[in-house]
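*Asks:* I have a structure I would like to understand better, so I am pasting it below and will then ask my questions one at a time.
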Amino acid sequence: MKRIATVSAALVVLSAVAIAAVSPAPAEPRLVLTPRSGPEPRINGARVFGVRPGSPFLFTIPATGERPMTFGVENLPEGLMLDTATGRITGSLPGPGVYTVTFTAANARGTASRPFKIVCGPVLALTPHMGWNSWYVWENRVSDAIMRAAADAMVSSGLIDHGYQYVNIDDCWSVRPDAADPGRRGEPRDARGLINSNSYFPDMKDMTGYIHARGLKAGIYTSPGPRTCAGYTAAAGHEELDVRRFVEWGFDFLKYDWCSYGDQADETVLDDLQKPYRLISGILAAQPRDIVLNICQYGLGNVWEWGRGVGGNSWRTAGDLGHDVVGNLFRDGFDVYTRNELHRYGGPGGWNDPDYLLIGILSSAFVTDREGSNEASPLSPNEQYTHVSLWSLVAAPLIFSGDITRLDDFTLGLLANDDIIEVDQDPLGRPGRRVAKDGALEVWMRELEDGSKAVGLFNRGPALASVTAKWSDLGLDGPQRVRDLWRSKDLGVFDGSFEAYVARHGVVMIRLRPLNGR
Ligand code: GAL
């Protein structure tokens, strides 16, 4: 039985006659496909979490549904405590171990429960990071107030309830002696050599406390060279002191760039490329706090082959997605990934990072090359669905870098689809790959822990087209239950193949479960 589903990311249901008449791209409506979360409780996000023995533990159970909600955890190991009103788990675990617990979330509409695994050991980031980063909307205008507002927005928008966790400052928090803005100038370090934040960050510790008090985690950025990419004070020669400062300040995540280190390194020599990351990860590993390490050197020396070996929990696989977002989405997201077979490298503890989610409202510098204002992402609505779908299929970090305080329903729908997030956060952690290509039409597949498969039907071409996912390309045999992930809707049973009309630069994301399987 083969059925043709008339679905596309643009939610246009078209007859074959209408399709033939469609030529170049029509203006695209910003259709919200993600259904609104219901009032009943639902537990979302990751199903596994890594923590090191003795480190402060913080995990907020992500759950949508009407408040008030009462949280529970069955079999919570000794050393950990649950705040039943917020779902925050804190404390610390004394020694290594794997704990299978059950989360519950109850409200006036009912109770949800879900198993969860806490893995206490050396490995962090057992699923790709989820959060927000300041760079693409705030660049060199970032401040303490902006970071606090971002933490507030992560809660008030509900993103925290879908598993978003990290609130990360990018470049421009330290001092730049020659900054145009006097508020960003000053002494780079104090008399003890400790790095200073600039006047827009008067109290880092208080700021991370504010972020933690909302059940979230805080991230910071620096570079192994003397200067960051934007010319601010960085770590060269002060690595140990700077990490200790980040620990004192209460950070949970470090993005370690490359800029200005290139002046002292030979970028063709592997050892030169690896040295700064070995050094910093060694220092991080000795701290009494878990700090996830994000390596940002744009893929130099095939970093995916050794990023995990030098202690990285993720590594940028290409240059910045910004400036030419549309072109880079396809080049870096699809082609760099496929050419280098990046699916062979990512997995629990170390992820390929094709850069941030550039949707919503961004800094105009990245959209139109004009400094100082904000504009909508240059990606069309369908390209935005393509962007988030691809990221979830390749197990990329879901770090949104648009304005989190100004989320419209469309952008929120892109970020907060639990079916899509579930693919990204799948505990098996096996990144997907392209399994078929026919000109501009591509089929991508990701194997999931429960034996099901997530599949993306992509149309990189200039007009609506029919894309077919063949069971033979997906390694499937027999009838499959098919679910449309963006609409969170079961489509029925299909055998042999699944075909959908996909909009220009758009996608249809499905999940396939064997009819007689789990
Ligand atoms: C780039 C990096 C960006 C951003 C920027 C800050 O090297 O790729 O993500 O961090 O530096 O100056």
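The values are calculated or read from the model by the stated rules, or taken from the named source; none is laboratory data. Everything numeric in this text was worked out from a predicted model, so none of it was measured. For neighbour counting, all protein chains shown are included, and Cβ atoms are generated from backbone atoms with ideal geometry for every residue, glycine included. Surface areas here come from the heavy atoms of the whole protein model, side chains and all, with no ligands, DNA or RNA. Shrake-Rupley method; radii C 1.70, N 1.55, O 1.52, S 1.80 Å.
*Asks:* At R0 = 25 Å, how high is the FRET efficiency between D263 and D178 if r is their beta carbon distance? Nearest 0.05 is fine.
*Replies:* For D263 and D178, the calculated efficiency is 0.90.
*Asks:* Assign one of three labels to the stretch 130-424, namely rounded, prolate or oblate, based on the Cα gyration tensor with a ≥ b ≥ c the square roots of its eigenvalues; rounded applies when a/c is under 1.5, prolate when it is not and a/b is larger than b/c, and oblate otherwise.
*Replies:* Rounded shape, in that the Cα axes give a/c under 1.5.
*Asks:* Something else: Taking all pairs of distinct Cα atoms, average 1/r, flip it, and tell me the Kirkwood hydrodynamic radius of the chain in Å to one decimal place.
*Replies:* Final number for the Kirkwood radius of the chain is 23.5 Å.
*Asks:* A further question follows. Could you give the accessible area per residue of the chain, probe 1.4 Å, as a whole number in Å²?
*Replies:* Using a 1.4 Å probe on heavy atoms only, each residue of the chain averages 37 Å².
*Asks:* Extension gain L515-A213, at 0.36 nm per residue separation less the Cα-Cα distance, in nm?
*Replies:* Extra length from L515 to A213 when fully extended: 104.2 nm.
*Asks:* Please report, as a whole percent, how much of the solvent-accessible surface of the chain comes from carbon and sulfur atoms (probe radius 1.4 Å).
*Replies:* 52
*Asks:* Another question about this same structure. Which cross-chain or sequence-distant (5 or more) residues have an amide H under 5 Å from the amide H of F400, H modelled 1.01 Å from N in plane?
*Replies:* Placed amide hydrogens put G131, W132, N133, L357 under 5 Å from F400.
*Asks:* Want the number for A286 to K489: 0.36 nm per residue separation, take away the alpha-carbon distance, what's left?
*Replies:* Once the chain is fully extended between A286 and K489, it gains 68.4 nm.
*Asks:* Within the chain, which cysteines find no other Cys whose Cβ is under 4.7 angstrom from their own?
*Replies:* By the Cβ distance rule, which asks for a partner under 4.7 Å, the isolated cysteines are C120, C172, C296.
*Asks:* Here is a further query. Run the paramagnetic zone check for R185: 7 angstrom along Cα to Cβ, then residues of the stretch 230-259 with backbone nitrogen under 17 Å.
*Replies:* Taking a point 7 Å out along Cα→Cβ of R185, the residues of the stretch 230-259 whose backbone N falls under 17 Å are 231-233.
*Asks:* Considering the zone a paramagnetic label at N196 would reach in this model (a point 7 Å from Cα along the Cα-to-Cβ line), which residues of the stretch 151-184 have amide N under 11 Å from it?
*Replies:* Those under the cut-off are 175-177, 184.
*Asks:* Report the relative contact order of the stretch 130-424, percent, no decimals, based on alpha-carbon pairs under 8 angstrom and at least 6 residues apart.
*Replies:* Taking the mean separation of contacting Cα pairs over the length of the stretch 130-424, I get 17 percent.
*Asks:* So, one more: On the Cα set of the stretch 42-120, report Rg and Dmax in Å, please.
*Replies:* In Å, with Rg to one decimal and Dmax whole: 12.3, 38.
*Asks:* Out of the stretch 37-112, which GluC sites (Glu not before Pro) are coil in DSSP terms and have no more than 10 other C-beta atoms within 10 Å?
*Replies:* E78
*Asks:* Taking just the C-alpha trace of the stretch 176-298, give me its Rg and Dmax in Å.
*Replies:* Every Cα atom of the stretch 176-298 included, Rg and Dmax give 14.6, 45 Å.
*Asks:* Net charge near D190: determine it from the other residues with C-beta under 14 Å of the C-beta of D190, scoring Lys and Arg +1 and Asp and Glu -1.
*Replies:* +1
*Asks:* Oh, and also: Measure up K275/K437; K117/K255; K437/K489; K255/K489; K275/K453 against 30 Å on the Cα-Cα distance and list the ones that go over.
*Replies:* Table pairs above 30 Å Cα-Cα are K275/K437; K255/K489; K275/K453.
*Asks:* Right, next: If I take every Cα pair under 8 Å that is 6 or more residues apart in the chain, average their sequence separation and divide by the length, what percent do I get for the relative contact order?
*Replies:* 16
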